[in-house]
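The values are calculated or read from the model by the stated rules, or taken from the named source; none is laboratory data. Predicted model, so just to flag it, every value in this text is computed and none were measured. Positions of Cβ are generated from backbone atoms using ideal geometry, with glycine treated the same way; all protein chains shown enter the neighbour counts.
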Amino acid sequence: MARTPALSGDVLTPDDAATATVRHARWQDYFQLLKPRVMSLVVFTALTGLLAARTPIHPLLGAVAVFCIAVGAGASGALNMWYDADIDAKMRRTRGRPVPAGLVKGEEAATLGVVLSLLSVMLMGMAINWLAAGLLAFTIVFYAVVYTMWLKRWTAQNIVIGGLAGALPPAIGWAAATGHAPLNAWLMVLIIFLWTPPHFWALSLYIATDYAKAGVPMLPVVKGAKETRRQILLYSLVLIPICLAPVFTGLGGGLYLAVSGLGGLVFLTLAWRVFASTAGDAADPRPADRDLYEVGDAVAKRGKPAKERLGGDARHARNLFAFSILYLFALFAALLAEAVLGLPALKVVELLL
């Protein structure tokens, strides 16, 4: 069936809508349902968990495990896009997604999500082990049902509780390698879990208008920008010590200590600047006639770079949002590098004893 495309990258602008032509859905439209950017982060953290376990696993089985986790993440994304099509259509950041843009039918997205969910979980169980499969199934259900269908539309704590789904991949990877999930696996989960609120709340400070329009009770919409800035700082103060914890548990080494310590100082500095600013107090700083970026874009789909177009204190929220992605990547990259290179962990606890 013919569809109306989003001609400006991933986002449909008013001018594009007036000149849009009709075309058939392409494979790229279905691929976008899988949220490839989110999937890439999931795969990276899961791979880190698998290798940080430092337990030999056949390369083919390791690849199958990572593949299953990637497919499961894509399944969650497709189910999310199916159910959230109504609110996605009201938000400038998301209205160019395949379902609200009319590129893919909602039932097609739902079917894809269900099929991929079953495929990923069953393959993980039969090829790897059922603990990893069970954790993967829990993650999909938690994200698609608990977060998407319930928490996201019901409570301002949606990101806090729902963040568990995005935090579990390292434990799934560890379980795939070893058949169990010890403290260090859950420590990686805790890092992502605590990282998620300040990361997304920083974003929500400068797109709160979108959330309000769509009826999504994000913290700035329900409690206001001032409380959101306070919560960002509080979560950051808890997050950074937890990020240092792996050097005390035998998970992280010297490289990880340097990355987590220096990066943590930058993170706290940016969080304090957000707290001391008026970010989110003013109206949405994005030009009303422009459709801005998918999450994480360094530049707008057209026009000036994002950093030039977000003026005032909104830049502090943007800076924290951008750096938070880099910080999480650097933390897991350090763990991954230490595991691949066979670098020893510090085991500070043993040294102190």
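Odds and ends about this structure:
- Yes/no for Phe142 being surrounded by 18 or more Cβ atoms within 10 Å (Cβ to Cβ) and in a helix (DSSP H, G or I): yes
- Going through (1) buried (at least 16 other Cβ atoms within 10 Å of the Cβ); (2) within 21 Å of the chain's Cα centre (by Cα) one by one, Pro246 falls short only on (2).
- Whichever residue in the stretch 8-43 is surrounded by 16 or more Cβ atoms within 10 Å (Cβ to Cβ) and charged (D, E, K, R) and, among such residues, is modelled with the highest pLDDT: Lys35
- Note on the stretch 85-126: residues that are assigned to a helix (DSSP H, G or I), within 19 Å of Met218 (Cβ to Cβ) and of a type in the set (Val, Ile, Thr) total 1.
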